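One structure is given here, and the rest of the page talks about it.
The values are calculated or read from the model by the stated rules, or taken from the named source; none is laboratory data. Quantities reported herein were computed from a predicted structural model and do not represent experimental measurements. Cβ placement follows ideal geometry from the backbone for every residue including glycine, while neighbour counts extend to all protein chains displayed. When the accessible area is computed, the model is the full protein with side chains, heavy atoms only, and any ligands, DNA or RNA have been set aside. Shrake-Rupley method; radii C 1.70, N 1.55, O 1.52, S 1.80 Å.
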Amino acid sequence: MIHFKNVSLAYPDGTVALKDINLHIEDGEFVFLVGHSGAGKTSLTKLLLCEERLSAGSLQVNGYRLEKIRSRKIPYLRRTMDVVFQDFKLFDKMTVYENVAFAMRVIGEKSATIRKRVPFFLNVVGLTDKADSFPDHLSGGEQQRVAFARALVNNPSLIVADEPTGNIDNNLRDDIMDLLLRINKLGKTVIVVTHDEDLLRRYRKRTVEIRAGEIVSDRMGWEPSENGGDRV
Amino acid sequence: MRWFRSFVYNLKQGCKGIFRNSIMSTASVLVLLSCMIIVGTFYLVIANIEENFSRVDNLNVIEVRIPATYSDGQIEEIGNALSEIYKELTVLEGEPVFVSKEEHLRRFKEQYKDQEWSSFFDETLNPLRHSYELTFSSDADISEAAKIIPRIEAIKLSDGNLAVQSSDISSSIKLYENVAGIKKTLMAVGLWLMGILLIISLFVIMNTIKLGVFARRNEVMFMRYCGATKAFIRTPFLVEGVIIGLFSAALALGAEFLLYRYVLSGVVSSMTTAVSGSGIILSPYAEHLPLLGAVFCAIGLFAGLISGSISLKKYLKV
């Protein structure tokens, strides 16, 4: 469960990135987070990851109160979620299998557990036969699926996908969205950060629009918000 | 057991890191090695000076020779005054010891027993004088020991005259002072060089590790997002620093052994030949090995841990 209550974020240089955010996301929800560049989407994601500390208000994420969380607890908060980046951040010198296993290794999982779980999640994303390939030899869509397998392997309850359809063609976009919906059906909360209007129209899900650091709409499905025809 | 698995994993990663930046790792080892060799050489020179010095007898003895004309009562007066000095100055090891001129003659004949002329002297022909001997502790502060001489020169007999002249007092305090000065200078030079080289070593190791961190910056970032603890992220880089440090320490011990055996002993043997009978002896290397080993390992660990920690600071802020 994610609960923002009057949350603000100001950077040391005085820039106010988020203003008085109130948002509640239940466990197992699927949410699109939309907004144009500089609107505050990244800042909001950074708050969830505790990469930035909120300046005011209170924020609860997966049972952790982020306004008072101690530094040594942050790694444990991060183990409850995973982020799939737009550029995937796969490691070139590791095979697909090693890339996925790495996420488990860094939290000290047993080799036996790694050997069991990695093939399972490679199967979930349909990449069993690519386990020994290196990321350079995969297509963009396949690389993205590796990133999703890596995000899922530690069984997080929240997945944040940053522009998941930004780098791929329309056919692959549907594959990725199907995968995200399947992940959501497994009971995981999914937040998709995007500015792809077409995607928002095709998949009618809860959509939170953020503009100039403020939430301007929070509704089911996508409609461009009133004033001035601002497009995401 | 989770921590143990993580530790083994990180140990492997640390070893890999060394070979990832092999050129910089070699540079780090060489700089640290130079630092350790300089520290070790200065230590060995100082230790041997001290060792040889302690082998020479009576260097810490002050002899007060009693003028031949003095009566038994005057000799006793001097003895009492010297006892007072002993009570006041903590550098003296014991009460003044009276040595008769007969004892001096015996020692003299013993020392020169191989010389024919020594047999000319006997109890009827004894030019030596009674004396008092004051012994100051060999590890005493030399400036404190130097205070003894003026105190002896100031001793007055009951008739108001000074008991002894400066020429009646024989001591090796000047020699002690000179050697202490040399030791101090060597120590200061050694420490300065060690300090400078240690700082250079820190920078070189830091850069080596920073290169490793930079090459793995995406991994480090990903580890943070995955929920790896700071200790987990830091360990491979610390291991890398520590291995560089300890490997340098082992090399330095070997290099120091070769230097000691072939260079220092060569210098000493040429000095012994030049100064006939100087009898300078090098203590065995094994005697210094535990201390040198401990110091080298401490320097290596310190340099490795400090540089490892500093290099990663930027990447572990959140």
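Figures for the structure shown
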{"item": "Inter-centroid distance (Cα atoms) of segment B:224-265 relative to segment A:5-32, Å", "result": "46 Å"}
{"item": "Per-residue [θ]222 nm for chain B (sum of -39500 (n - 2.57) over DSSP H runs n ≥ 4, rounded to 500)", "result": "-22500 deg cm²/dmol"}
{"item": "Local electrostatic count at B:Ala294 - Lys and Arg +1, Asp and Glu -1, tallied over other residues with Cβ under 14 Å", "result": "-2"}
{"item": "Whole-Hz ³J(HN,Hα) from phi, Karplus 6.51 cos²θ - 1.76 cosθ + 1.60, for segment A:205-216, glycine and proline x", "result": "10, 4, 10, 10, 9, 10, 9, 6, x, 10, 7, 9"}
{"item": "Signed unit charges on C-beta, dipole axis of chain B, positive-most listed residue B:Ala163, B:Val268, B:Gln74", "result": "B:Val268"}
{"item": "10 °C / 1.306 mPa s Stokes-Einstein diffusion coefficient of chain A, Kirkwood radius on C-alpha pairs, µm²/s", "result": "86 µm²/s"}
{"item": "Partner chain coverage, peptide B:219-225 - average Cβ within 10 angstrom", "result": "6"}
{"item": "Rounded FRET efficiency, nearest 0.05, which uses the C-beta distance separating B:Ser309 from B:Lys87 and R0 of 60 Å", "result": "0.65"}
{"item": "Cα pair count fraction exceeding 21 Å, expressed as % - segment B:4-102", "result": "68 percent"}
{"item": "Difference of contour (0.36 nm per residue) and Cα-Cα distance, B:Lys156 to B:Glu144", "result": "2.1 nm"}
{"item": "Calculated Rg and Dmax of the protein assembly as shown using C-alpha coordinates, Å", "result": "40.3, 131"}
{"item": "List of segment B:295-318 residues, accessible area with partners at least 20 Å² below that of the chain alone (1.4 Å probe)", "result": "B:Val318"}
{"item": "Rule-of-thumb Rg ratio for segment B:75-147 [Cα; 2.2 N^0.38 Å; N residues]", "result": "1.41"}
{"item": "Residues along segment B:1-42 losing 20 Å² or more of accessible surface when the other protein chains are present rather than the chain by itself (probe 1.4 Å)", "result": "B:Arg2, B:Arg5, B:Tyr9"}
{"item": "Computed over chain B: relative contact order in percent, which uses C-alpha pairs under 8 Å that are six or more apart", "result": "30 percent"}
{"item": "Residues whose placed amide H lies under 5 Å from that of A:Val216, excluding near-sequence neighbours", "result": "A:Glu209, A:Ile210, A:Arg211"}
{"item": "Pair A:Asp175, A:Asp92: separation of 7 Å Cα→Cβ label points (nm)", "result": "2.3 nm"}
{"item": "Karplus 3J(HN,Hα) series, Hz, for segment A:8-14 with 6.51 cos²θ - 1.76 cosθ + 1.60 (x for Gly, Pro)", "result": "10, 9, 10, 7, x, 7, x"}
{"item": "Residue-span extension gain [B:Thr69 to B:Glu51] - 0.36 nm each, minus C-alpha spacing", "result": "2.4 nm"}
{"item": "Cβ-placed point charges (K, R +1; D, E -1), dipole of chain A about Cα centre in debye, nearest 20", "result": "1180 debye"}
{"item": "Spacing of the two label points (7 Å from each Cα toward its C-beta) at B:Ser172 and B:Ala231, in nm", "result": "5.6 nm"}
{"item": "Surface share of carbon and sulfur [accessible, 1.4 angstrom probe, percent] for chain A", "result": "45 percent"}
{"item": "Percent accessible area from carbon and sulfur atoms, segment B:61-171, protein chains only, probe 1.4 Å", "result": "48 percent"}
{"item": "Lys pairs under 18 Å by Cα in chain A, provided they are eight or more residues apart or on distinct chains", "result": "15"}
{"item": "Rg/Rg_ref, chain B, where Rg_ref = 2.2 N^0.38 Å and atoms are Cα", "result": "1.56"}
{"item": "A versus B: buried accessible surface, summed, Å² (probe 1.4 Å, to nearest 100)", "result": "2000 Å²"}
{"item": "Pair A:Asp129, B:Leu59: separation of 7 Å Cα→Cβ label points (nm)", "result": "8.6 nm"}
{"item": "Around B:Lys12: net Lys/Arg minus Asp/Glu count, Cβ-Cβ under 13 Å", "result": "+3"}
{"item": "Cβ-derived FRET efficiency at R0 25 Å, B:Ala298 paired with B:Val267, nearest 0.05", "result": "0.35"}
{"item": "Chain B - accessible surface per residue (Å², probe 1.4 Å)", "result": "55 Å²"}
{"item": "Selection from B:Ile62, B:Ala228, B:Asn48 lying farthest towards where the dipole of the protein assembly as shown points positive, charges on Cβ", "result": "B:Ala228"}
{"item": "Lys, Arg +1 and Asp, Glu -1 on Cβ, resulting dipole of the protein assembly as shown about Cα centre, debye, nearest 20", "result": "3540 debye"}
